[in-house]
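Worksheet for the structure shown next.
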Protein chains: 2
Amino acid sequence: LRHFDQELDDLKAKILEMSALVETAIYRSIQSVVERNPELAYQVIANEERIDDLEIEIDEEAVRLIALQQPVAADLRLITATAKINNDLERMGDLAVSIAKRTLKLVHLPRVDVAIDIPHMAELVQAMVRKTLDSFVHRDADLARLVLAADDEVDAIKTASYGELVAYMGKNPDSIPVGLQLLGVVRNLERIADHATNIAEGVLFLITGIDVRHHAEERRLASRSSSQKAQDQ
Amino acid sequence: LRHFDQELDDLKAKILEMSALVETAIYRSIQSVVERNPELAYQVIANEERIDDLEIEIDEEAVRLIALQQPVAADLRLITATAKINNDLERMGDLAVSIAKRTLKLVHLPRVDVAIDIPHMAELVQAMVRKTLDSFVHRDADLARLVLAADDEVDAIKTASYGELVAYMGKNPDSIPVGLQLLGVVRNLERIADHATNIAEGVLFLITGIDVRHHAEERRLASRSSSQKAQDQ
């Protein structure tokens, strides 16, 4: 057995690599939609395998550390939080791939002139992702709470975009195929924000020891929990 | 510390309770849509809290068992597989709530005469859920493989339903709001099937020790992995 601290450092390094890969995937997928750029979409799809492999590595390493090293309370909490964050990151990576695949459909469809602001929504979501990962790296509870608050704005934009798109499709039935892809992008972005919120909850658990998943009291504090919103997809 | 075997039995009992709750939630949510029955939808929504609480209990119990008891290989594998199945079950519960909420919207919308067969798709998905849980209880690898195969049929129905609904909405723009809810139900059902597939993969891991998540070779054997499909949502 190697020294526990060294193994823990390896785990931390891997989750940072995972964060960087997923953040890049999200950035590229968003750019691919905004620019209707298939090259960026293909890059996102090509990088999925590395993210999937790294998820399994981190998962196995976390279980091994817990089973073999019997970590004490604070270390145990760090390892379980890392495993949960790992899972959310992998799902965010999947959603980036979903957006990239929508780009590959959108490039064959006409552009539509509908009043939805995907770049603005994407900017908010990317800021949430960045803040949530920073809050993890720097153990910053205030930053994590900002992520929980930002999620409401993303939800509001999603709801408004849905209304606009449905009205537009109603008036322009030819636009339904492109409208559904754009609805899908909006939904994917909102789900990325939900996972960023999950990670922020994990960071708060890591810092405070309080599990804010599912709990009504915390939900009120944190405006609205992400597991609740996951149902609205 | 209580005896390890007793704690492991408690964990098994809890995951069976979780399975039963989630299976009931899925059944009721599907019936609520098929019968346009808001009472059933409210039952699903009311039972969500118990599922969420149980997920956290199982999660904590699994980590505690691994950390304190240092289980050997087979037991460790059982505990980690249980934790993963727990996570998939909770997400299936969320999707049942999503379907139930769609019912509450659909009861205010006109019925549409579109050639999609939600009851048939729902039947297939429910059979997958039942088989995957049975494969876990009875450690039945053949049954788990049937689930992986059934997933392709669900995907085919989803794709066909999408085509029908998009064409119908194009001809009947007034039906777009109800069409989007039905698309949502179809997507939710397909995601429930994806999670059933994840669980079947977990069962195969439990029995064979081979992790079939994300791996291309296994993906070919298993037709198509669920993590791949999760991107198409």
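The values are calculated or read from the model by the stated rules, or taken from the named source; none is laboratory data. The model shown is predicted, which means the values in this text are computed figures rather than measured ones. Neighbour counts run over all protein chains shown; Cβ positions are idealised from the backbone, glycine included. We work out accessible area using only protein heavy atoms, side chains counted, and drop any ligands, DNA or RNA first. Shrake-Rupley method; radii C 1.70, N 1.55, O 1.52, S 1.80 Å.
Per-residue Karplus couplings for the range A:43-48, computed as 6.51 cos²θ - 1.76 cosθ + 1.60 with θ equal to phi - 60°, are listed in order as 4, 4, 5, 5, 8, 5 Hz, Gly and Pro entered as x.
Using Cα atoms only, what is the angle between the long axis of helix A:141-171 and the major principal axis of chain A, expressed in degrees (0 to 90) to the nearest 10? Tilt of helix A:141-171: around 20 degrees. Along its three principal directions, the equivalent ellipsoid of the range A:47-122 from the Cα gyration tensor extends over semi-axes of 39, 15, 5 Å, largest first. Remark: the range B:106-197 carries a charge dipole of roughly 220 debye about the Cα centre, counting +1 on each Lys and Arg Cβ and -1 on each Asp and Glu Cβ. Averaged per residue, chain A has 41 square angstrom of accessible surface, using a 1.4 angstrom probe with ligands and nucleic acids left out. Of the peptides B:47-54, A:72-79, the ranking by mean beta-carbon count within 10 Å, highest at the top, reads B:47-54, A:72-79.
Its DSSP H runs of at least 4 residues, each contributing -39,500 (n - 2.57), put the calculated 222 nm mean residue ellipticity of the protein assembly as shown at -28500 deg cm²/dmol, to the nearest 500.
Considering all alpha-carbon pairs of chain B, what whole percent are spaced by more than 25 angstrom? For chain B, the fraction of Cα-Cα distances above 25 Å is 43 percent. For the protein assembly as shown, with the dipole built from +1 on Lys and Arg beta-carbon atoms and -1 on Asp and Glu ones, taken about the Cα centre, which of A:GLN70, A:TYR162, A:LEU204 lies farthest toward the positive end? Highest projection toward the positive end goes to A:TYR162. Over the range B:1-96, the Kirkwood radius and the radius of gyration, each from Cα atoms, give a ratio Rg/Rh of 1.10.
For the protein assembly as shown, give the magnitude of the charge dipole about the Cα centre (Cβ charges: +1 Lys/Arg, -1 Asp/Glu; no others), in debye to the nearest 20.
In debye, rounded to 20, the protein assembly as shown gives about 1120.
Extension gain for B:ARG111-B:ARG64 works out to 11.9 nm (0.36 nm per residue, less the C-alpha to C-alpha distance).
With bins 10 Å wide beginning at 0, the percent of Cα pairs of the range A:91-176 falling in each bin runs 15, 36, 32, 14, 4.
Put +1 on the Cβ of every Lys and Arg and -1 on every Asp and Glu Cβ in the protein assembly as shown; which of A:PRO110, A:ILE99, B:ALA150 then has its Cα farthest towards the positive end of the dipole? Sorting the options by dipole projection puts first A:PRO110.
Around A:GLU23, with a cut-off of 12 angstrom between Cβ atoms, what is the net charge of the other residues, counting Lys and Arg +1 and Asp and Glu -1? Display every interim value, and only then the final one.
On the way: positive: A:ARG28, A:ARG130, A:LYS131; negative: A:GLU17, A:ASP134.
After counting each charged neighbour, the total is +1.
When you work out D = kT/(6 pi eta Rh) for the protein assembly as shown at 10 °C and 1.306 mPa s, using the Kirkwood radius from C-alpha pairs as Rh and the Stokes-Einstein form, the result is 70 µm²/s.
Placing a label point 7 Å from Cα along the Cα-to-Cβ direction at B:VAL107 gives distances to the equivalent points in the other copies of 4.7 nm, listed shortest first. Across the range B:93-182, the relative contact order, built from alpha-carbon pairs under 8 Å that are at least six residues apart, equals 36 percent. Projected onto their three principal axes, the Cα atoms of the range B:111-151 cover extents of 43, 16, 7 Å, largest first. Computed 3J(HN,Hα) for the range A:23-40, one whole-Hz value per residue from the Karplus formula 6.51 cos²θ - 1.76 cosθ + 1.60 where θ = phi - 60°, is 4, 5, 4, 5, 4, 5, 5, 5, 4, 5, 6, 5, 8, 6, 10, x, 4, 4, glycine and proline marked x. Using C-alpha pairs below 8 Å separated by at least 6 residues, the relative contact order for chain B is 22 percent.
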